[in-house]
Amino acid sequence: MNALRTASHAFIRHGSLRVEASLNRDFELAKKYLDADSVERGLFERLEDSRTRTFTMRTEHRNNDRFDPNDDTIWWDPTSALRTTSGGAQSPALGLGHEVDHAVERPSRETQLSSRRVARYDTAEEERVIRGSETHAARTLGEAVRYDHDGRCFRVASPTAR
């Protein structure tokens, strides 16, 4: 891990991932928490060990976690948890894991699945992530499982709270 300064923002490198310095502590807390799940651990290894892409993680403050495939940027709000439509809750860390799965998918497949509409999940790509890695991690970590792409965001004190 080393520091890198770009366009007045400092970044900390984690292999092929550059994390905004102000976000690094929360990133490390979330990653440590998600490491308890074998699938999430594998996704983070792929993110940090990419030989063909460089990813960037930036802070998001408006409950709008997302992955931008145009510039390989993950936008993450470390204090935005999710109340599922079934009444359970998911931590911001699980939201990060969700976005990491989008990021490490082959770009051509992510684009193809994102263009296919699917009821309850909006797109086939959201269904793939929610029913796959997110559900696996939620069960491992004792968090709520989602059965759609909906929910309501709420504020928490740390990335692992819910």
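Nothing in this text is a laboratory measurement; each read-out follows from the coordinates by a stated rule. The shown structure was predicted, so the numbers you read here are calculated from the model rather than taken from an experiment. Quick reminder, even Gly has a Cβ in these numbers, built from the backbone with ideal geometry, and neighbours come from all protein chains shown.
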*Quick one: compute the contact order of the stretch 66-162, relative version, from alpha carbon pairs under 8 angstrom and 6+ residues apart, as a percent.*
39
*Using only helices, what value at 222 nm comes out for the chain when you add -39,500 (n - 2.57) per DSSP H run of length 4 or more and divide by the total residues, to the nearest 500 deg cm²/dmol?*
-10000 deg cm²/dmol
*Normalised by the residues of the stretch 40-82, what does the relative contact order come to in percent, with Cα pairs under 8 Å and at least six apart?*
33
*Whole-number percent relative contact order across the stretch 1-139, with pairs defined as alpha carbons under 8 Å at least 6 apart*: 19
*Helix 24-34 axis, angle to the chain major axis (alpha carbon atoms, nearest 10°)*: 40
*For a label point 7 angstrom out from the Cα of SER16 toward its Cβ, which stretches of the stretch 23-52 have the backbone nitrogen within less than 11 Å?*
45-52
